[in-house]
Amino acid sequence: LTACNPNRNRPDGWYATSPDGQQIAGEPFVTVSDFCGIRVDSVRSGDSMQYEIVVSLNADGAARFGEATEANAGRFIAFLYEGGIIARPMVNMRNDGGRFSITTFLGDRDRTFGIYEGLESRMNGTE
């Protein structure tokens, strides 16, 4: 039997979560349609490389991200990709910079680049 994924039809993007951070709550406050730039960066971590996906948001997305991070300070938010949560940071404060990064795949270059390519194609409308 395959478990039903309640998130499989939700758009990729940032969501508020339940208080324990385990469940997606409501609609996304930022989606791929709010992206205006995306790249992969890397940094050495001990003997391996850590890869991160760095995203820049358009003005509307940046404003919503700032409002949502302020409203969720002290709570978890989650980035959903293809129905799965790939990042679940606790928000410390409002983010007005219009940028975020996802760094969850220590040493997993192929997975990071696969997600990057999927998000980039959606951002460009080529998927």
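Throughout, read-outs are computed from the coordinates displayed, never taken from laboratory work. Since the structure is predicted, the reported quantities are computational estimates derived from the model, not experimental observations. FYI the Cβ positions are ideal-geometry reconstructions off the backbone, even for glycines, and counts take in every protein chain you see.
Which listed residue (GLY125, ILE38, GLY98) has the Cα farthest towards the positive end of the charge dipole for the chain, taking +1 on Lys and Arg C-beta and -1 on Asp and Glu C-beta about the Cα centre?
The residue sitting most towards the positive pole is GLY98.
Across every pair of different alpha-carbon atoms, what Kirkwood hydrodynamic radius in Å does the chain reach?
One decimal place: 15.1 Å for the Kirkwood radius.
I'd like the Karplus ³J(HN,Hα) series for the stretch 75-83: coefficients 6.51, -1.76, 1.60, θ = phi - 60°, whole numbers in Hz, and an x wherever there's a Gly or Pro.
Here the 3J(HN,Hα) series is 10, 8, 10, 9, 9, 9, 10, 6, x Hz.
If you stretched the chain out fully between ASP60 and ASP41, how much longer would it get, using 0.36 nm times the residue separation minus the C-alpha to C-alpha distance?
4.4 nm
With only Lys, Arg, Asp and Glu charged, each at its Cβ (+1 for the first two, -1 for the last two), find how big the charge dipole of the stretch 12-127 is about the Cα centre; round to the nearest 20 debye.
Using only the charged Cβ atoms, the result is roughly 240 debye.
Using amide H atoms built 1.01 Å from N in the peptide plane, name the residues 5+ places from VAL30, or on other chains, whose amide H lies under 5 Å from its own.
Distant-sequence amide H within range of VAL30: TRP14.
Given the stretch 57-127 reduced to its alpha-carbon atoms as identical point scatterers, what log10 I(q)/I(0) does the Debye formula return at q = 0.26 Å⁻¹?
At q = 0.26 Å⁻¹ the computed log10 ratios are -1.24.
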